[in-house]
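As structure tokens, the structure follows; a few thoughts come after it.
The values are calculated or read from the model by the stated rules, or taken from the named source; none is laboratory data. Note that the coordinates shown come from a computational prediction; the quantities given were computed from them, not determined experimentally. Here the Cβ positions follow ideal geometry from the backbone for every residue, glycine too, while neighbour counts run over all protein chains shown. Ligands, DNA and RNA are excluded from the accessible area calculation, which covers all protein heavy atoms including side chains. Shrake-Rupley method; radii C 1.70, N 1.55, O 1.52, S 1.80 Å.
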Amino acid sequence: MGDTASELAALREQLRAWGRAYYQEDQPTVPDAEYDAAMQRLLDIEQAHPELVTADSPSQRVGAAPLEKFEQVEHRVPMLSLDNAFSAEDFEDFDQRIRDRLDGAAVSYWAEPKLDGIAVSLRYEKGQLIQAATRGDGSTGEDITANVRTIESVPLRLSGTGFPDELEIRGEVFMPRSGFEGLNAQARARGEKVFVNPRNAAAGSLRQLDPKVTARRPLEFTAYSTGYVDGGELPGTQSEVMTQLAEWGVPVSQYAAVLENSAACEAYYQDLAAQRDGLPFDIDGIVYKANAIAQQRELGFVSRAPRWAIARKFPAQEQTTRLLAVEFQVGRTGAITPVARLEPVFVGGVTVSNATLHNADEVERLDVRIGDTVIVRRAGDVIPQIVGVVSERRPESTEPVRFPDHCPACGSEIERVEGEAVQRCVGGLGCPAQQMAGLRHFVSRKAMDIDGLGDKLIEQLVDRRFLSDLADIYTLDKTQWLRLDRMGEKSVDKLLAALEASKSTTLAKFIYALGIREVGEATARQLAEHFGNLDALIHADSEALEAVPDVGPVVAAHIRHFFHESRNISTIRRLLEQGIHWPEATTSATGPLEGQTWVVTGKLETMSRDEAEAQLRALGARTAGSVSKKTTTLVAGPGAGSKLKKAQTLDIPVIDEATLLEQLQRWH
């Protein structure tokens, strides 16, 4: 029993410290998954030894005590936390417990995404917002009324009629991903501390003493329930309550659903998990609630959570592991990027052993050292990155990260241009690393699309010094290809055919394949459409380049620099001599959209964005990759973020996919 009591004491102290950092200081020191695991261990021990449960145990609390700098608000109905389910089996157990307590009665569930933000309570009197508060410790929260009033999605007055005299609405304040990325980009540009994740950013923004600071932050609100109600009644199911809130002008989740059984709940979980990476905001799971309010009342509560609800968690997007070493990679533009080598860790659904550290500024900001325990974040297909250091676990034997003075690939000097965070090798195409990365880009599917010329072959070509520049891939004869490992007659014949086929391309693809800094597919297409031929582009001055949609002073400077480099012009000349060609420019397509500029963003269901843009161009429109004052219309699918906000700010018409399809059918 002594060992158990000691473990309990250590767990409680650790959870209290993590809780203070998370709830009160808005500076989490460990990922949620580690906190959840420790809390689950505490709950398991206390369940096995109820005589050891104490009133001040973290298991008996919801969050943390409110900060003294804010006025305190006592919740008339406690704001509780939720128990977690980490597997389908955990949810089945929850479902069975509910049915047992209800004597086998049928149970349907209200399901909605679990937003990763900060829980708040909004109190309305006769439809007018009177007070807003954080959850705090569940019984007492912080008065954040002035700050919440700055959030545009929070109605200051309810719409319509029929609402109770006094109504408490509960929900989540969160920061969309696009807003979070923009906020951190601004912080980095000013040399300020960046936020670890959107939840941390939302909490820090909401608990500012100056509401003007909160007003500048991109916060949003979505309701998930109600609390205290007086002078009126609400409908009898969770789904009807949420529908009613929406009619009163309160934002509710568009992804929510009523599900009739546990199988439907599992299907919903899998479906939303598949959409997770494309959503415009972070979610860390699904919340399931018994839909009937009468059943909720019958099921009741335990000390810190309702019996009628549970959070089914997604795989954690953040985990801790140890930083073993830092190596430096050279990109196709010469950028020197520090890459962290990690003890393998399962995060975001995959095992991760490498992560990016971005640049020297990021290494300094994080104060990361080799040997540290670090927090690794991986969301969707985003490259894993180190977002924090668990400083309390730093051993004495750690070593600082030292950046090289010379390029690790070719030994050339490294320069850092004023105003840029990235350090670059000045070796150009004479640097094997830049040559290798440039060739990978050149042969990729969206560039020259040379099937069969993969990384292993490219590495051999560079390592054996078969190439002096990109054009040499077209001059190698069959004998030379056969000298490479694992290249037989059939493989070489197939590759030679692919090389020959790639010579017939488009001007836009060729421009993109050249790998000019910050010239992506959309910009390459705009350049091709605007100038019509390569020679005009090569000789264009800055003023002419900046007349192209999507091209500003920075991109124009990159293009000018590229075409002023004699080695690049030599490579282009040799490529053309090998027979690379494209159709002569023709007069731009005419049609009902001639003279208009359209932008497509978000995910479309019936076609890809490329297909949608191609149809618009066929009708005479220009398509751009970013929204500006020149934009005529924005097509916004699910997941539209910063482009949608900018269009709304500029009063640019926005249509959805269904409207686009109707208009395309009419125009054709």
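Numbers below:
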{"item": "Theoretical gain in end-to-end length, Leu324 to Ala557 [0.36 nm per residue, Cα-Cα removed]", "result": "80.0 nm"}
{"item": "Simple label model, 7 Å out from Cα along Cβ direction - Ser87 to Asp477, nm", "result": "6.3 nm"}
{"item": "Two-decimal Rg/Rh across the range 260-374, once Rg and the Kirkwood Rh are taken from alpha-carbon atoms", "result": "1.17"}
{"item": "In degrees, nearest ten, helix 489-502 long axis to first principal axis of the chain (Cα)", "result": "90 degrees"}
{"item": "0 to 90° range, to nearest 10: angle between helix 32-48 axis and the chain longest Cα axis", "result": "30 degrees"}
{"item": "Where the chain is the region considered: accessible area per residue in Å², 1.4 Å probe", "result": "48 Å²"}
{"item": "Heavy-atom accessible surface of the range 409-477: percent carbon and sulfur, 1.4 Å", "result": "43 percent"}
{"item": "Exposure rank, largest accessible area first [Val302, Val347; 1.4 Å]", "result": "Val302, Val347"}
{"item": "Candidates per trypsin sites (Lys or Arg not before Pro) in the range 519-570, loop by DSSP, up to 16 other Cβ within 10 Å", "result": "none"}
{"item": "Surface share of carbon and sulfur [accessible, 1.4 angstrom probe, percent] for the range 240-294", "result": "52 percent"}
{"item": "Chain lengthening between Phe346 and Glu518 when straightened (0.36 nm per residue, less Cα-Cα)", "result": "58.7 nm"}
{"item": "Using a Förster distance of 25 Å, the FRET efficiency for His564-Val426 (Cβ separation, nearest 0.05)", "result": "0.95"}
{"item": "Solvent-accessible area, 1.4 Å probe, carbon plus sulfur percent, for the range 338-398", "result": "46 percent"}
{"item": "Largest-first ordering by accessible area, 1.4 Å probe, given options Glu594, Glu34", "result": "Glu594, Glu34"}
{"item": "Arg76, Arg199, reordered so the largest accessible area comes first (probe 1.4 Å)", "result": "Arg76, Arg199"}
{"item": "Alpha-carbon gyration tensor eigenvalues x 5, square-rooted, for the range 370-496, Å", "result": "37, 20, 15"}
{"item": "Amide H contacts under 5 Å for Gly227, placed H, 5+ residues apart", "result": "Glu168, Ile169, Arg170"}
{"item": "Rounded Å value of the spacing that divides the Cα centres of the range 557-574 and the range 310-380", "result": "35 Å"}
{"item": "Contour excess over end-to-end distance, with Cα ends at Leu664 and Leu102 and 0.36 nm allotted per residue", "result": "197.0 nm"}
{"item": "Rough spin-label spacing in nm, given labels placed 7 Å along Cα→Cβ, for Ala264 and Arg149", "result": "4.3 nm"}
{"item": "Volume in Å³ per residue [convex hull over Cα atoms, computed for the range 486-589]", "result": "124 Å³"}
{"item": "Relative contact order %, the range 528-654, counting alpha carbon pairs below 8 Å whose residues are six or more apart", "result": "21 percent"}
{"item": "Rg over Rh, two decimals, the range 171-238 (C-alpha only, Kirkwood Rh)", "result": "1.16"}
{"item": "Rel. contact order, % - alpha carbon contacts under 8 angstrom, at least six apart, the chain", "result": "9 percent"}
{"item": "Angle in degrees between helix 88-101 and the longest Cα principal axis of the chain, rounded to the nearest 10", "result": "20 degrees"}
{"item": "Area of His406 that stays accessible when all protein chains are in place (1.4 Å probe, Å², to 10)", "result": "100 Å²"}
{"item": "Projected label distance in nm at Gln131 and Ala498, using a 7 Å step from Cα toward the beta-carbon", "result": "6.8 nm"}
{"item": "The range 478-542: Cα Rg divided by the 2.2 N^0.38 Å rule of thumb", "result": "1.55"}
{"item": "Cα-based reach from Lys193 at 28 Å (exclusive), listing lysines while leaving out same-chain residues under 8 positions away", "result": "Lys69, Lys114, Lys212, Lys643, Lys645, Lys646"}
{"item": "In Å², nearest 10: area of Asp95 left accessible to a 1.4 Å probe", "result": "10 Å²"}
{"item": "20 Å binning of all Cα-Cα separations within the chain, expressed as whole percents from 0 upward", "result": "15, 43, 32, 10, 0"}
{"item": "FRET efficiency estimate (nearest 0.05) - Cβ-Cβ, Ala5 to Ala187, R0 60 angstrom", "result": "0.85"}
{"item": "Accessible area of Ser121 in the full protein assembly, 1.4 Å probe (Å², nearest 10)", "result": "10 Å²"}
{"item": "Distance-filtered residues of the range 609-624 - backbone nitrogen under 13 Å, label point 7 angstrom along Asp449 Cα→Cβ", "result": "611"}
